[in-house]
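Student: Have a look at this one before I ask anything.
The values are calculated or read from the model by the stated rules, or taken from the named source; none is laboratory data. This one's a predicted model, so the numbers in the text were calculated from it and none came from an experiment. We place every Cβ from the backbone using ideal geometry, glycine too, and count neighbours over all the protein chains shown. With ligands, DNA and RNA removed, areas are computed over all heavy atoms of the protein, side chains included. Shrake-Rupley method; radii C 1.70, N 1.55, O 1.52, S 1.80 Å.
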Amino acid sequence: MPSAMQGLLKQSFTLAQFKDYLAKEVAPRMSAWRPRGVVLHNTGKMVWPGFDARGVKLTPAQRIDNISVTWVANNFPAAPHLMISPDGMIHTVWPLWLKGTHSPSWNDTFWGVEMVGDFDFEPFFDTHRLAVTGALQALYAMLGHQATPDTFHLHKEDPKTTHKRCPGVNCGTKETWLARINETTASTSPVTTHAHKLIPSPFLKTTLKAMEGFREKPYLLKGIWHIGYGFRDGFRGMHINANSTMTLAQADVLFDESVAIQADTIQQMIHVPLRQNQLDALQLLAWNIGLGAMETSTVIRKLNLGDYAGAGAAFELWNKARLTPTSSLEFSKPLADRRVKERAIFDGKPQPVTVVLAKPPVVATHPLPEVAIKPPASPAQTVPHAPSPMAPKPALTPPATKPSLAALPWWARFLIWFLNKNIKGVKI
């Protein structure tokens, strides 16, 4: 590892300390190389605070050391310039006055800033957002210009990169980041937050729980373990396997935190006013299809064009599913029914939600065969059961009568006469 990288690995700053560091240490050295702007990354699976291969929890300093070992193992000539952790600390990794290694197309012309986490699955907390926004504002202030679509990039924009989702959907869109970086305020605080008026409603929570259902034990869906209210393996850093369990109380806490983060993330994708019922419907859809699919969906594209009717209609495009990860998309009646309900909520015409995906499958049943129940035999000393007063009385059978001899044929009459006359004791 180059000595310069080794010397900077342990440097960590608060935002105020970082600004002082830029002014005193970085700005005087920027004459040899001056970047155009910033490329924003996340560290991916190197989740914060992370664990080593043996499951031992790592400190922030150990995490940065381990990432640097990865860069060395891959023979990187340099490294990203900054790493910013969820605790709000800004870590210098590679000198800001030297070209780094972070994105194939922009290593020579941009700073690389890494946010620690995997934001396709993990939440992007306010503390983290504040630190990243403040650091980016300070970097662009030192360059003397605002961030523009040409001077600020998300890593996934690089046509040469294989990281096509970096930095992840939970940390927001490029447009949102540009607004944050260039935001000015009369407040003395160097960082401002992106204000949202809407939060998840009680209706949303009740409806989403009804649609998803709760599972205490894990279940496989398309080869991926799920548990609770549809939490999949890897969701917010969880590791789910066949032996996992989750209580209802645990699921409720995770659910409340997750829908709050989801509401914030969805509103960062949207640049037009939203009503509460519209956010509710968008959250129901996003919980099912994922925030990544939501970000690039026709629903969001139509919505940002101000086409609310078109956005509502686009809900029903999401009516297909794959039975396996490799199978083709097929029409799904349960998904189509769910989309109809979500669109109705978006349009302000909510319908009662009766489907609960966790309930056992409906099995056709047949009526039981009728069985005649015979009353028990009455003991000899008791009175037999009388017929019900409402039941018709059975008809009495007349006593049997002897047939008339005249009706018999002649040979029969002769036989009877012969037996009566010749056999003693027989009388017919």
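Student: Once you put a point 7 Å from the Cα of Ala179 and another 7 Å from the Cα of Gln250, both along the Cβ direction, what distance in nm separates them?
Tutor: Each label point lies 7 Å from its Cα, and together they span 3.7 nm.
Student: What number comes out for the charge environment of Thr247, summing +1 per Lys or Arg and -1 per Asp or Glu over other residues with Cβ under 12 Å away? Each step should come with its number before you reach the end.
Tutor: On the way: positive: Arg215, Lys217; negative: Glu216, Asp252.
Surrounding charge for Thr247 is 0.
Student: Sticking with this structure for a sec: I need the peptides 113-119, 76-82 ranked by packing, meaning the mean over residues of other C-beta atoms within 10 angstrom, with the highest value on top. If you can, show how the numbers build up before the last one.
Tutor: Working: 113-119: 25.1, 76-82: 21.4.
Packing proxy ranking, top to bottom: 113-119, 76-82.
Student: At 1.4 Å probe size, with no ligands or nucleic acids counted, give the accessible surface of Lys156 in Å², nearest ten.
Tutor: Looks like 60 Å² after rounding.
Student: Where does each of Phe235, Phe418 land when they are ordered by accessible area, with a 1.4 Å probe and the largest first? Write down the numbers at each step before the final one.
Tutor: Numbers: Phe235 45, Phe418 95 Å².
From most exposed to least exposed: Phe418, Phe235.
Student: Can I ask one more? May I ask you to order 303-314, 33-44 by the average number of other C-beta atoms within 10 Å around their residues, highest value first? Don't skip to the answer; put the middle values down first.
Tutor: On the way: 303-314: 16.8, 33-44: 21.6.
Averaged packing, sorted descending, gives the order 33-44, 303-314.
Student: In a shell of Cβ-Cβ distance under 14 Å around Ala147, excluding Ala147 itself, what net charge do Lys and Arg (+1) and Asp and Glu (-1) give? Don't jump to the answer; show the numbers that get you there.
Tutor: Working: positive: Arg36, Lys174, Arg180; negative: Asp150, Glu157, Glu175, Glu183.
It works out to a net charge of -1.
Student: Also: Full extension from Ala210 to Met30: what is 0.36 nm times the residue separation minus their Cα-Cα distance, to one decimal in nm?
Tutor: Working: separation 180, 0.36 × 180 = 64.80 nm, distance 5.75 nm.
Length gained, Ala210 through Met30: 59.1 nm.
Student: Which order do Asp252, Asp108 take by accessible area at a 1.4 Å probe, largest first?
Tutor: Details: Asp252 45, Asp108 95 Å².
Largest accessible area first, the residues go Asp108, Asp252.
Student: Given Lys209/Lys320; Lys160/Lys320; Lys156/Lys341; Lys174/Lys333, which pairs have Cα atoms separated by over 25 Å?
Tutor: On the way: Lys209/Lys320 22 Å; Lys160/Lys320 32 Å; Lys156/Lys341 34 Å; Lys174/Lys333 36 Å.
Beyond 25 Å: Lys160/Lys320; Lys156/Lys341; Lys174/Lys333.
Student: Could you name the aspartates and glutamates in cross-link range of Lys349, using Cα to Cα under 20 Å and dropping any fewer than eight places away on the same chain?
Tutor: Cα-Cα hits under 20 Å: Asp280, Asp307, Glu316, Asp337.
Student: What order, most packed first, do the peptides 254-260, 96-102 have when packing is the mean number of other Cβ atoms within 10 Å of each residue? Intermediate values should be presented prior to the final figure.
Tutor: Working: 254-260: 16.6, 96-102: 20.6.
Ranked by mean Cβ neighbours within 10 Å, highest first: 96-102, 254-260.
Student: Counting Lys +1, Arg +1, Asp -1, Glu -1, what net charge surrounds Val272 among other residues with beta carbon under 12 Å of its beta carbon?
Tutor: Numbers: positive: Arg275, Arg301, Lys302; negative: Asp307.
Every neighbour counted, the sum reads +2.
Student: Let me ask something else about it. Say R0 is 51 Å: what FRET efficiency, to the nearest 0.05, do Thr127 and Leu317 get from their beta-carbon distance? Could you put the intermediate results ahead of the total?
Tutor: Values: r = 37 Å, r/R0 = 0.73.
Working from the Cβ atoms, E equals 0.85.
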